[in-house]
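> My questions will all concern the structure given below.
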Amino acid sequence: MTLTVDGIDALKQLAGSELGTSDWIDVTQDRIDGFADATGDHQWIHVDVEKAKEGPFGAPIAHGHLTLSLFIPLFTGLLDVRGVTTKVNYGLDKVRFPSPVRSGSRLRLAARLAEIQDVPGGVQIAVDGTIEIEGGPKPACVLRSLSRFYA
């Protein structure tokens with residue numbers, strides 16, 4: 001369920017709060033192939049279904065950066081900040097990929113709004129995120145995402 005807040009002052013009240021978990025998102029082979037086409041990374045472990053079945057993971061796996069890129073659509077399902085003019089990705093800290101994401105998996109995000117800092121014209125937020133694999137013993141990705149919201 002999306003938490004909606006109106007403006008930067010309301011956002012500041014959420015510092016340190018758990019934002020919950022997002023809906024699940026499917027990681028299909030078509031999504032993996034599309035990412036390979038967009039980035040030019042056509043390594044067999046991602047796009048050659050038959051060869052990948054014989055590889056170390058028993059199936060094609062998503063690119064780590066594909067998994068990371070899914071943070072944005074997953075996060076926007078958790079928090080909507082209204083009353084700001086601009087929202088920008090500022091960067092990432094501490095990104096790790098503890099477990100591969102096999103084609104056909106489902107992912108969701110568990111997130112916490114760790115910090116909020118004032119910056120000229122707005123605020124910078126740090127979100128601690130864990131991208132979970134449905135039924136998996138380890139997460140697909142753990143990260144700290146930095147975003148800026150301008151008034």
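> In nm, to one decimal, how far is the modelled label at Gln117 from the one at Phe57, with both set 7 Å along Cα→Cβ?
Label at Gln117, label at Phe57, 3.3 nm between them.
> Sticking with this one: Which of the listed residues, Ala114, Val88, His63, is farthest toward the dipole's positive end in the chain, when Lys, Arg count +1 and Asp, Glu count -1 at the beta-carbon?
Of the candidates, Ala114 comes out farthest on the positive side.
> Here is a follow-up. Taking the Cβ of Ala38 as the center, what net charge do the other residues with Cβ under 15 Å away carry, scoring Lys and Arg +1 and Asp and Glu -1?
-3
> Run the paramagnetic zone check for Ala10: 7 angstrom along Cα to Cβ, then residues of the range 134-151 with backbone nitrogen under 18 Å.
Hits in the range 134-151 for Ala10 at 18 Å: 149-151.
> Another question, then. With a cut-off of at most 15 other beta carbons within 10 Å, and DSSP calling the residue loop, which GluC sites (Glu not before Pro) in the range 95-151 qualify? Please list them.
Details: sites: Glu115, Glu132, Glu134; in loops: Glu134.
Sites meeting the loop and neighbour criteria: Glu134.
> Turning to a different aspect of this structure: Under 10 Å, Cα contacts only: if you run a Gaussian network model on the chain, which one of Leu92, Leu109, Leu68 comes out with the highest mean-square fluctuation?
Leu92
> Could you work out Rg/(2.2 N^0.38 Å) for the chain, with Rg from alpha carbons only?
1.14
> Could you work out the local net charge near Asp23, counting Lys and Arg as +1, Asp and Glu as -1, over the other residues with Cβ closer than 15 Å to its Cβ? Provide the component values of the computation, followed by the final result.
Values: positive: Arg106, Arg108; negative: Asp26, Asp80, Glu132, Glu134.
Around Asp23, the surrounding residues sum to -2.
> Cut-off 10 angstrom, C-alpha nodes, Gaussian network model of the chain. Which of Gly20, Gly83, Gly40 fluctuates the most?
Gly40
> Could I ask something else about it? What number comes out for accessible area per residue over the chain if the probe is 1.4 Å? Units Å², please.
I get 53 Å² per residue for this part.
The values are calculated or read from the model by the stated rules, or taken from the named source; none is laboratory data. None of the values given here were measured: they were computed from a predicted structure. When we count neighbours, we look across all protein chains shown, and the Cβ atoms used for this are built from the backbone with ideal geometry, even at glycine. Note: areas computed on protein heavy atoms with side chains; ligands, DNA, RNA excluded. Shrake-Rupley method; radii C 1.70, N 1.55, O 1.52, S 1.80 Å.
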